[in-house]
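These notes concern the structure reproduced below.
The values are calculated or read from the model by the stated rules, or taken from the named source; none is laboratory data. Please read these numbers as outputs of a predicted model, since none were measured by experiment. Positions of Cβ are generated from backbone atoms using ideal geometry, with glycine treated the same way; all protein chains shown enter the neighbour counts. Surface areas here come from the heavy atoms of the whole protein model, side chains and all, with no ligands, DNA or RNA. Shrake-Rupley method; radii C 1.70, N 1.55, O 1.52, S 1.80 Å.
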Amino acid sequence: VSAETPPSPTMEQPAGRRRLAMSPSEETTLIEGMVFLGVLVLLGLSLNLLIRLARLYARQRPTYTKPDPLFRNKDKHQNWSWDWIVVFRVQEADEVVSRYQEQYSLRRILERLNQGGLETKLYKSYNYDKIFCKIRCGFDRLKTQASAIDYPLLLKEQQVVDRMTRGYRDETNAAVWQGRVISDPRGQCPSYEYFEYIYGKYDKRDDLKDLYEEYPSSNSIFRGVDRLKLIMSIMEADVKDDGCSFKLRDLIAKGAVLAIFPLHDDLELHALQHQWLASFTMPWNQPLEAVKDYYGEKVGLYFMFLGHYAGWLLGAGTFGLFVFGMSQIQEPWALWGTLAMAVFMSLWTTFFLQDWQSKQATAKMEWGMNGFEELERERTGFEGTTIHSPIDGMPVQYFAPSEKSRRVLSSYFQICLCMLYVTTINAGVFYAHAYISRYPFQDSFAFSFFPKYYNLPLILTHLVLATVVTVTNQYFMPFAKYLNGAENHRTDTEYEDNLIAKVFVFQFANSYGSLFYITLVQGPIPEQIAFAEPWRTRRFTCKPFCFEDAGALLATIFVIRVVVNNAIEVILPYYRLRQRLAKHTKSAAGDDDEYDDPFDEARMRKRQISPAEEQFEKDDYDSISLFNDYAELVIQYGYATLFVSAFPLAPMFACANNIIEIRVDGWKLTQNTRRPWPSGAEDIGTWEDVLHLMSVIATVTNILMVTFLSPVFGERTLSEKILVFIGLEFFLLGIKLAIVVTGDAIPEDVQIQNERQAYYASKIIDNLQDKDADDVDAQDANLEEPPIAIMDPQIELLPESNKDS
């Protein structure tokens, strides 16, 4: 039996009726359409199920806490109660504990919390197997801590106007800095007035007590997320700085406590759910300000990126649908849609990232995150030797750079072994596919309901590869965390940046390795060995073109990811909730009166489960959970861009999935997890560099596929293809470089507002002295500007005759 590759269906057709589309048959097109329609239906059902689940979970539950007028007092600027929870396990009398657990016992932890100025309250759990410690902090203690760490707060706009206009004089009535009215006659900063989004460090001076913005929900200058950050800062601060000297993550990891987490605020949470968990809103219409104010800037920035990414994918997906429709038309110009898709996505990635940098810089300014990474403290897991600093002689923690380099090299060596292991699995799958596809096994797997191209071995190969990619990516994360922790990074930002690098290196090879093999290796290299035993096979190569193989595998991976992600994040939690509700209904039978009015003692028969106990039973959403969400988006970004010329529907699939993902992640945070530890962030970190790198790689891979592996240039010689590839590649990379160089990563008005923030804070709070007044007056006299426009109606300029005074 001959093992040569049979002639393609395209070659058998007459020249006048030759089919130029990528799809080899009408049956293939029908199967693809049915699969794509099924995935979209699955996404729609998932969204419907998610909304039902959100409405079911968002019902107002009883309020178990009683009023606390001694603490919760608006006159004291304390419109809040308990903020944090520490959970202890009830130990048996004869239980053996570690030295660390003995050092951080319940009694000693309470002593340190009280020494740090925090209020606590203990109670046992519903089943008496745990002890819950509620923590809160008064307004005066929060102000002391905010002043100690230079916590940035938003300044009142009217106060900025008044103080910048008035200037400042010292005790001797000498001018420290002169007031002036700020104007923008040239329109350099049209988006912002000079008094908007001005942040400054908190200072307890009496003359600044009216300077900071107050929030109605808390009746104070601190939002709920600010209180959580400040209490967390108190717990982690050194004892000599009136803190508790806790390494919170170590307390959990070493078994001293079961959990530490902030409590949800029911009023804020329900208001956020009402805005967020709607049936359908455009991805750019999320309540990001409310998300940021409740969960912190780091989580808010993630949802901003997710909405921005989904919005841009909408345009790319529409163009991809158009190209896919063109591929079904039997016209000579149809194939050029593939080249158009490659060029379009190459430029799309650049414009998308440029727009994101601009949006990210705007959020950084408006959210007061300038300089956040400079103020970042040492990570609680960092361990070093205490030495005297060679700079100022103060005690510092030192970790030898040589030892760190050795650990980093060891980590990447182990990652390379993991990549080799995954590559071996993929090679085995491809070999198995080649073996069972050869004669005479091919006929054994021929089914009438499969088109000729979609044979069973190919479908099984793609399913196995997609499953291997999904599973190995999930199991690599704990190993990467272990390796990264062993490297002993000093700050959380440094820790996360190195973890991103490790995960990206592995997941890039694991997620895209099989696709790179099909597009770059499976066509040209096996031709030399395809007729030698035991490689005698009709399907080892993908001649005449490899587009069908790459597109089919990419489509399979998308389908598997959609099915698995929705099953994990929506369907399973839905059924778990139904089971819990059914269980509670059975256990509460005959005792429902206690849920009618929890404050009516005559109708209560037993203590109810407290909100803290309910939230303790939920999943934990930590920094690694957010990291996983980012990693999922970045891997999807690669699928949507690296091989999009082979599968033009990839951007539309990614867009539909991300619109669902916004609701899934919002539901997960509001209803299915504990409230995460709040954290600030200037940007999305190293993920942005990863996206830039993948954008360049996407340009190379798509132009290479169109040039060498598609029918677009199928009749050209090898030298002509190389020239076309080099020309297109350098042309597109040149355009991308020009866009980056000429574009503004930070818009001019945002940059001006950043400089205003720093300047006004230095004047209003630090009272930074002006330069020589005579020099300033001389410079003002030489300016040729139009008359100053008064932006605030409450400001009145001094008359000309009184200027000297």
_For the pair Thr385/Glu92, report the inter-label distance in nm, with labels modelled 7 Å from Cα in the Cβ direction._
4.3
*So how much slack lies between Gln188 and Arg166, counting 0.36 nm per residue of separation and subtracting their Cα-Cα distance, in nm?*
5.5 nm
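For segment 194-233, which whole-number percentage of the solvent-accessible area (1.4 Å probe, protein heavy atoms only) is attributable to carbon and sulfur atoms?
44
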*With labels modelled as points extended 7 Å from the Cα through the Cβ direction, what inter-label distance (nm, one decimal) is found for Ser105 paired with Val468?*
5.5
*Sites Leu572 and Val41 - FRET efficiency at Förster radius 22 Å, r taken between beta-carbons, to 0.05*: 0.70
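Does segment 206-285 come out rounded, prolate or oblate by the C-alpha gyration tensor, with a ≥ b ≥ c the root eigenvalues, rounded set by a/c under 1.5 and, if not, prolate when a/b is larger than b/c and oblate if not?
Note, shape of segment 206-285 comes out oblate.
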*In this model, which of Lys204/Lys359; Lys156/Lys359; Lys209/Lys229; Lys74/Lys247 are farther than 28 Å apart at the alpha-carbon?*
Lys204/Lys359; Lys74/Lys247
*Determine the order of Arg107, Arg205 by accessible area, beginning with the largest, at a probe radius of 1.4 Å.*
Arg107, Arg205
*Residues in segment 490-521 near a label at Gln397, defined as backbone nitrogen under 11 Å from the 7 Å Cα→Cβ point?*
490-492
*When the chain is fully extended, how far beyond the present Cα-Cα distance does Phe351 get from Val239, taking 0.36 nm per residue of separation?*
35.3 nm
*Virtual spin-label span in nm between Ile739 and Lys771, 7 Å along Cα→Cβ*: 4.1
*Based on the Cβ-Cβ distance of Val700 and Ala278, what FRET efficiency does E = 1/(1 + (r/R0)^6) give at R0 = 41 Å, to the nearest 0.05?*
0.50
_Three-way shape label, segment 338-421, alpha-carbon gyration tensor, a/c 1.5_ = oblate
